[in-house]
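The values are calculated or read from the model by the stated rules, or taken from the named source; none is laboratory data. The shown structure was predicted, so the numbers you read here are calculated from the model rather than taken from an experiment. Cβ placement follows ideal geometry from the backbone for every residue including glycine, while neighbour counts extend to all protein chains displayed. Just the protein is used for accessible areas: all its heavy atoms, side chains included, with ligands, DNA and RNA removed. Shrake-Rupley method; radii C 1.70, N 1.55, O 1.52, S 1.80 Å.
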Amino acid sequence: MNKKEIAEIKKQFTPDRCSITRICGCYVDGEKNKKTELKEAFLSLSEEETFKYFDIFRKTLTGTIGKSLINMEFPLDQESEGGTQNFLMKLRESKLTDDTLTEAFYDKIIENYDYGENYYIILIHAVYDIPGKSSDGAEMFDASDEIYDHILCSICPVKLSKAGLHYNVETNNIEDRIRDWLVEMPDWGFLFPQFNDRSTDIHGLLYYTKNAENLRSTMMEEVFGCTTPLSAATQRDSFNALVEETLGDDCAYDTVLEIHEKLNDLIESQKDEPEPVVLTKSEVKRLFEECGVEDEKLQNFDEQYELAAGEKSSLVASNITNTRKFEIKTPDVVIHVAPDRADLVETRIIDGRKCLVIPMESEVELNGIRVSALNSAENTTAESIPVNDTNNINNTDTEEEIPF
């Protein structure tokens, strides 16, 4: 699913567009005991409750694709009788009216969801009557010829509200506030089946996790039978290792800078596209070639890629580069610079020492105090920072405040 398709489903979580037929819920304590359950027609809930549930459902479909929102495909064996996809198909087809299936789903979640505190499992069934679209993209509600029959699950932590004082209107006093158990925004969830090309795709699901660095591999493997993909941070670390391993002793500053500049240019050129920029193994190799990496360095590229990222893994471009800043770091010096001003930092040999050179051509501040860029006539127009200097310079200025 891409951004537009996800946004189209999120729009249904409003009072005037609501397509939810039924809601089921199970409150579980920290000892994995079911404390209470809910089984209702969604529209039988009070208006106040529905609004709060809408917030939870929208949050379950919020995030960056490739980080907190992940498209997953089921292995073929999971689509046969007894497989995870087959079970979810039965659950959807039951419209959540089969108590045996619903309880089995709760049991599967409780068995594999490692949380240790109280939480609330919410499961809804909805039927979206997909409107046709005219050539200019306008929805034509009288031209629908397909429905999107789906389920959505959200798991929300339930935590005790903070202690405090409150004003009691009845007694006209400031008193100790009664602490309540509050349902928070979801920590985990999924949408099944996928909504691809504005149509039902039963071969995949959209997976949500609040913590992009904790993909909960047990849930992915046991509940869905899918292989856990690389997290955003792992993709970045794998790519960094691949660059270092491929370039070896020739891992020069200028080459690495060019790689990241090309990645940022690629992301910028496709920023309006609904799909994120994803690089396959061959595309990463082509990127290296375009940045001047010699053929001899790429002889073992396929093997190095598979060791770093996995044989069939792809890398989301926004996960392996930072479009907001470049970080240049030595053991004692850290410099942050806007990507489009990375050319301000150069490497030079000065008095036999390897240095980072930063022009000082405009206003300079030291701990918030404006200072003169030149202290004496002997100064040059650039500040040279030895790469192995023992000073600690951390420049986190924004683009407007650079150069330093």
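Worth a mention:
- Note on region 1-41: Cα Rg divided by 2.2 N^0.38 Å, N the number of residues, gives 1.68.
- Apportionment of accessible area to carbon and sulfur, region 61-212, percent (1.4 Å): 50
- Phi to ³J(HN,Hα) by Karplus 6.51 cos²θ - 1.76 cosθ + 1.60 over region 2-13, Hz, x for Gly, Pro: 10, 4, 5, 5, 5, 4, 5, 6, 4, 5, 6, 8
- In this structure the amide hydrogen of ASP149, modeled in the peptide plane, comes within under 5 Å of the amide hydrogens of TYR128, none closer than 5 places in sequence on its chain.
- Near ASP187, the amide H atoms lying under 5 Å from its own belong to ILE155, CYS156; only residues 5 or more places off or on other chains count, and H is placed 1.01 Å from N.
- Distance between the 7 Å Cα→Cβ label points at ASP237 and ARG348: 3.8 nm.
- Matching label, Cα extents along the principal axes in Å computed from the structure shown, candidates (i) 58, 49, 44; (ii) 81, 67, 49; (iii) 102, 48, 29: (ii)
- Applying the criteria of a DSSP loop state and at most 10 other Cβ atoms within 10 Å to the GluC sites (Glu not before Pro) of region 224-275 yields no site.
- Normalised alpha carbon radius of gyration of region 24-110 [divisor 2.2 N^0.38 Å]: 1.29
- Accessible area per residue, Å², the chain with all protein chains present, probe 1.4 Å: 55
- Of all DSSP bridge pairs formed entirely within the chain, close to 95 percent run antiparallel.
- The Cβ shell under 12 Å around GLY83 holds other residues with a net charge of -2, Lys and Arg each +1, Asp and Glu each -1.
- Carbon + sulfur, % of accessible area of region 274-359 - ligands and nucleic acids excluded, 1.4 Å: 42
- Only protein heavy atoms count here; on that basis, with a 1.4 Å probe, TYR148 has an accessible area of about 0 Å².
- Global geometry of region 200-347, whether rounded, prolate or oblate, following the gyration tensor of its Cα atoms and the 1.5 cut on a/c: prolate
- Under 5 Å, built H, 5+ apart or other chain: amide partners of ASP332: none
- Once the Cα-Cα distance is subtracted from the 0.36 nm per residue extended length, the ASP114 to MET89 segment shows a gain of 6.5 nm.
- Over 20 Å apart at the Cα level, from the set LYS4/LYS133; LYS35/LYS162; LYS32/LYS159; LYS10/LYS312, are LYS35/LYS162; LYS10/LYS312.
- Ranked order, VAL277, VAL169 - accessible area, probe 1.4 Å, largest first: VAL169, VAL277
- With all protein chains in place and a 1.4 Å probe, the accessible surface of region 6-49 carries 47 percent carbon and sulfur.
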